[in-house]
Amino acid sequence: MKTKLQYSIHTLALASLFSASSLQGATIYSIVADAVWETNTDWSGAAPKVVPGTTLSQVDLAGVNGGRKLTLNSDASGAGTISTMNVGNQNPGTAVSTFTMTSLASLSVTTNFYVGPNGSAGHFIYNDGASLSTATFLMGRNNGAPASSTVTIALGTAGLTNAIGTTTLNLRQLEAGQNLIIDASSYTGSAGDIDLITFTNHSGGDFNSVSITGLDAGLAGAVSYDADSVNLNITSVPEPSSTALLGLGGLALIFRRRK
């Protein structure tokens, strides 16, 4: 049973509601090793520092780079707009930058959400209860030495409340590996289908590797791609004792037929 995410994508057409003189743009990156989104002093820029998306009528580009870690713990919507979110460096390097959305986090990105954009790798961690909507979710890079980026989706007890929602899913940057990790250690449900990413258009590419951890011994998982979603398919598997009993029953039937 699938639970589809219903989400709204804010477009830059909203900018037309503001005059050109009032609409500004800013590029704001986290600047401490373990930054918290809601802490203004954890962001770059001249004093007084501001949190992305909180300045009236301003369109911000936000990001985390330089091997730093950034955590969002709340609803990031505000008086302004976030047009782009970069998880990773824009220049080649070896550091892996991490962006985590906790169970209380909500983020709307009007244009592009990048994981590993044209530089070193990014790691995006998405926890059950979080909500992400973006026009384009793009993973991988097309410039410089290859590097692998990762999306980790942590399920809750019942699965995933909100799938990652995007108009366009782009996994086709083939210079880099795109890795998907599904953490099912908190999952207590049974067999079924769980939407991980929902989209309108899939512009190409699949995850290069998929790892599913934490499922109970009686369950198995596999990832599939539908016309509008990336799914986790959870199925039941017979317990070893049940399998052995079935085997013994089959042998007994064979012996009976031979008599």
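The values are calculated or read from the model by the stated rules, or taken from the named source; none is laboratory data. On a predicted model such as this, the values are computed, not experimentally measured, just so you know. As a convention, Cβ positions derive from the backbone with ideal geometry for all residues, glycine included, and neighbour counts pool all protein chains shown. Only protein heavy atoms, including side chains, enter the accessible area calculation; ligands, DNA and RNA are left aside. Shrake-Rupley method; radii C 1.70, N 1.55, O 1.52, S 1.80 Å.
Mind checking which residues of the stretch 59-85 are among the polar types (S, T, N, Q) and at pLDDT 95 or above?
Hits for the stretch 59-85 are 71, 73, 74, 81, 83, 84.
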Next on the checklist: Out of the residues in the stretch 91-115 meeting the condition of being out of contact with any helix residue (DSSP H, G or I) (no Cβ under 9 Å at 6 or more places or on another chain), at pLDDT 95 or above and open to solvent by 10 Å² or more (accessible area, probe 1.4 Å), tell me which one is nearest to residue 179 (Cα to Cα).
Outcome noted: 98
Checklist entry - Restricting attention to the stretch 156-179, which residues are open to solvent by 10 Å² or more (accessible area, probe 1.4 Å), among the aliphatic types (A, V, I, L, M) and at pLDDT 90 or above? => result 158, 160
Checklist entry - Among the residues of the stretch 194-203, which ones are open to solvent by less than 50 Å² (accessible area, probe 1.4 Å) and at pLDDT 95 or above? => result 194, 195, 196, 197, 198, 199
Checklist entry - Restricting attention to the stretch 134-149, which residues are surrounded by fewer than 23 Cβ atoms within 10 Å (Cβ to Cβ) and at pLDDT 95 or above? => result 135, 136
Checklist entry - Inside the stretch 60-81, can you point out the residues that are over 22 Å from residue 128 (Cα atoms) and open to solvent by less than 30 Å² (accessible area, probe 1.4 Å)? => result 60, 62, 80
Next on the checklist: If I go through the stretch 81-111 residue by residue, how many of them are farther than 19 Å from residue 168 by Cα, in contact with an Asp or Glu (Cβ under 9 Å, 6 or more places away or on another chain) and of a type in the set (A, V, I, L, M)?
Outcome noted: 2
Next on the checklist: Could you go through the stretch 116-124 and let me know if any residue there is surrounded by 15 or more Cβ atoms within 10 Å (Cβ to Cβ), without any contact (Cβ under 8 Å) to a residue 40 or more places away in the chain, aliphatic (A, V, I, L, M) and at negative phi.
Outcome noted: no
Next on the checklist: Can you tell me how many residues within the stretch 204-221 are more than 15 Å from the chain's Cα centre (by Cα), open to solvent by less than 50 Å² (accessible area, probe 1.4 Å) and at pLDDT 90 or above?
Outcome noted: 6
Item to check | the stretch 125-154 residues that are within 12 Å of residue 100 (Cα to Cα) and among the charged types (D, E, K, R), paired with ones that are surrounded by fewer than 20 Cβ atoms within 10 Å (Cβ to Cβ) and at pLDDT 95 or above (beta carbon under 8 Å, 6 or more apart) | outcome: 128/103; 128/156; 128/161; 128/186
